[in-house]
Amino acid sequence: MRFFVVCPGGIEVPLAQELAEIAGRPECKALGAWVIDPTPTSPTGGVGLAAPLSAAMALNLHSRIASRVLLQMAQAPYRQEDDLYKLASGLAWEEWFTSKQTLRVDVTAHRSPLKSLNFATLKIKDAIVDRLRNVTGDRPSIDTAFPHVRVQAHLTATQVTIYLDTSGEALFKRGWRDEKGDAPLKENLAAGILSFTAWKPGQNLFDPMCGSGTFLIEAAQMALAIPPGAIRAGMYDDAKPSRLAYRPLVTSAHGFGFQRLKPFNESAEQKRWVVLKEAALALMLEKRQQLPNVESLKITGGDINEKLVSMFKCNWQRAQLPDQPVARQIDALAAKPPGNASAGVMLLNPPYGERLVIKGGRGQDRSSTQEENYDDEPNNRFELNLETGRQCAKRSSRESLKKLQAQEEQDPKFVEFLRQFGQHLKDDFGGWNIFVLTADMALPGQLRIKESKRTPMFNGPLECRLFKFEMHAKRPA
């Protein structure tokens, strides 16, 4: 079978490495041969591979970086909307789901000659509905919010590819976050960024602007071998939502998309699914014995906003992590290396050129445009809805956000904060590697520190850079 594993633009390299690691797990090798496509040299929004059907279960359970795992159903040339209908209607959808299940169809495109993606979507939807009605005598209902089955089509200038989505809800929705600070970082992007830092379990990891704790929770789950899909797979009790939940938690009741597809409910696939989960549970137990408490993780954080620190602690517990996280309310300018460590990794995603607030305030007050993007999919080839080569709403959204940032970056208080923070890093974090994700391309100059590396990537629709700063240890006087 052919799959395309979707990820945020810019982290295809770590995704390809992660896919190789998943394929190398003994229980995944036992499923059959995996052949991963060459690693993309430019942002493609994902990585393709050939693997057994059962690989969809392993990928959804274990991939920290993927947004979705798409199973390719067909690929063919096209010239007009009727070609899309003809291709989709010729597929045996009745072998994958029933007419009693609800359906959603999404179409994305790059340089497609078609005038309307909405009409293209309608033609594919009609083809699937007509096929099931002709075969079964009944037609599925459409549900754009919580469908049982999702079908995705992608149009290039000459080719259409049709996929079944085996993930269901986007994979960055792990099931532990039901409270968020403003503009939370998507969990899969955080995992990809962690891979760029080369941080390894056992090393010190510190986030002085941790917000609701995305970086630190992802790192702790990695260290303890907790699969990102563990809650949705029902591997332990569902996380309990707080009274302040901003949206329903993704739970084992939601599961994954593949669990609602006929082939995955056959007894042989069900047995493979049990084996995959049992192998993951065994490794979790082994790691928990090696790292029995929160101190052994060496993962710490802080934030100027007390409310966000409280959110972080609640999210940590829902993520099935031990004890309480080592985190406290503190100004980043006063933060010191945890345990006076002489080396480690600092990773942070500061407010993008916006005003910081004092203790007890609203927190990192980011734009509503950024905040709304959390529930969207990452910006990649499967989300750039292009008609006749033009990017639609997301381009205008991105440009508006950049204009807003350009105005706010002139805030003299924030400029002064960055200058002080840069000096603080020089004075107190010698020997550390500092990684900062920001949309502010001028950040190194504002910190007055020369970056050793900058990596382009997207946070939702927002173009960012991951800056690396190598802080040299001070020479003894």
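The values are calculated or read from the model by the stated rules, or taken from the named source; none is laboratory data. These figures come from a predicted structure and were not determined experimentally. Positions of Cβ are backbone-derived with ideal geometry, glycine not excepted, and every protein chain shown enters the neighbour counts.
Some notes on this structure:
Condition check ((1) farther than 21 Å from Asn204 by Cβ; (2) assigned to a strand (DSSP E or B); (3) free of Cβ contacts under 8 Å to residues at least 60 places away in the same chain; (4) in contact with a strand residue (DSSP E or B) (Cβ under 8 Å, 6 or more places away or on another chain)) across all residues:
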| residue | (1), (2), (3), (4) |
| --- | --- |
| Leu285 | yes, no, yes, no |
| Ser296 | no, no, yes, no |
| Ser310 | yes, no, yes, no |
| Cys314 | yes, no, no, no |
| Gln320 | yes, no, no, no |
| Gln324 | no, no, yes, no |
| Leu333 | no, no, no, no |
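- Members of region 130-140 that are part of a helix (DSSP H, G or I), in contact (Cβ under 8 Å) with a residue 12 or more places away in the chain and touching a helix residue (DSSP H, G or I) at 6+ places or on another chain (Cβ under 9 Å): Asp130, Arg131, Leu132, Val135, Thr136
- Residue list for region 60-107, filter: closer than 23 Å to Gly175 by Cα, of a type in the set (Gly, Ala, Ser) and either touching a Phe, Trp or Tyr at 6+ places or on another chain (Cβ under 7 Å) or assigned to a strand (DSSP E or B) (or both): Ser67
- Selection count where residues are of a type in the set (Gly, Ala, Ser) and over 14 Å from Leu348 (Cβ atoms), scope region 204-222: 1
- Among the residues making up region 411-435, those that are in contact with a Lys or Arg (Cβ under 8 Å, 6 or more places away or on another chain) and part of a strand (DSSP E or B) are Asn433, Ile434, Phe435.
- Residue match in region 432-443 (condition: within 24 Å of Pro43 (Cβ to Cβ) and out of contact with any strand residue (DSSP E or B) (no Cβ under 7 Å at 6 or more places or on another chain)): yes
Conditions (1) over 26 Å from the mean Cα position of the chain (by Cα); (2) within 30 Å of Thr98 (Cβ to Cβ); (3) at pLDDT below 95, marked per residue:
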residue	(1), (2), (3)
Tyr246	no, no, yes
Ser252	no, yes, yes
Glu269	yes, yes, no
Lys277	no, yes, no
Leu281	no, no, no
Leu308	no, no, yes
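- Check on Gly9, crowded, with 19+ Cβ neighbours inside 10 Å, in contact with a Cys (Cβ under 8 Å, 6 or more places away or on another chain) and either more than 22 Å from Phe264 (Cα to Cα) or touching a residue at least 40 places away in the same chain (Cβ under 8 Å) (or both): no
- Qualifying residue in region 21-37 (condition: under 18 Å from Ala153 (Cα atoms), assigned to a loop (DSSP other than H, G, I, E, B), more than 18 Å from the chain's Cα centre (by Cα) and not polar (S, T, N, Q)): no
One line per residue, one yes/no per condition, for (1) among the β-branched types (Val, Ile, Thr); (2) surrounded by 15 or more Cβ atoms within 10 Å (Cβ to Cβ); (3) under 26 Å from the mean Cα position of the chain (by Cα):
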{"residue": "Asn134", "(1), (2), (3)": "no, no, no"}
{"residue": "Asp138", "(1), (2), (3)": "no, no, no"}
{"residue": "Val160", "(1), (2), (3)": "yes, yes, yes"}
{"residue": "Ser167", "(1), (2), (3)": "no, yes, yes"}
{"residue": "Asp178", "(1), (2), (3)": "no, yes, yes"}
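- Ala319 being surrounded by 22 or more Cβ atoms within 10 Å (Cβ to Cβ), of a type in the set (Gly, Ala, Ser) and closer than 20 Å to His62 by Cα: yes
- The residue of region 444-474 that is surrounded by the fewest Cβ atoms within 10 Å (Cβ to Cβ), among those that are in a strand (DSSP E or B) and acidic (Asp, Glu), is Glu470.
- Residue match in region 173-191 (condition: at pLDDT 95 or above, in a helix (DSSP H, G or I), touching a helix residue (DSSP H, G or I) at 6+ places or on another chain (Cβ under 9 Å) and of a type outside the set (A, V, I, L, M, F, W, C)): yes
- Residue match in region 298-306 (condition: over 25 Å from Ala473 (Cα atoms), touching a residue at least 12 places away in the same chain (Cβ under 8 Å) and in a helix (DSSP H, G or I)): yes
- Screening the candidates Gly48, Gly90 for the property of being at pLDDT 95 or above, loosely packed, with under 15 Cβ neighbours inside 10 Å and either under 17 Å from Gln159 (Cβ atoms) or of a type in the set (Gly, Ala, Ser) (or both) yields one hit, Gly90.
- Every pair of residues 6+ apart whose Cβ atoms lie under 8 Å, when the first sits in region 19-41 and is more than 19 Å from Ala279 (Cα to Cα) and in contact (Cβ under 8 Å) with a residue 40 or more places away in the chain while the second is in a loop (DSSP other than H, G, I, E, B) and of a type in the set (Lys, Arg): none
- The set of residues in region 108-129 being part of a helix (DSSP H, G or I) and within 31 Å of the chain's Cα centre (by Cα) consists of Leu117, Asn118, Phe119, Ala120, Thr121, Leu122, Lys123, Ile124, Lys125, Ile128.
- Yes/no for Glu371 being touching a strand residue (DSSP E or B) at 6+ places or on another chain (Cβ under 8 Å), assigned to a helix (DSSP H, G or I) and at pLDDT below 95: no
- Meets criteria (on the phi < 0 side of the Ramachandran plot, modelled with pLDDT of 95 or more and part of a loop (DSSP other than H, G, I, E, B)) for Leu164: no
- In region 291-306, the qualifying residues are those that are over 25 Å from the mean Cα position of the chain (by Cα) and under 17 Å from Ile217 (Cβ atoms), and the one that is surrounded by the fewest Cβ atoms within 10 Å (Cβ to Cβ) is Asn293.
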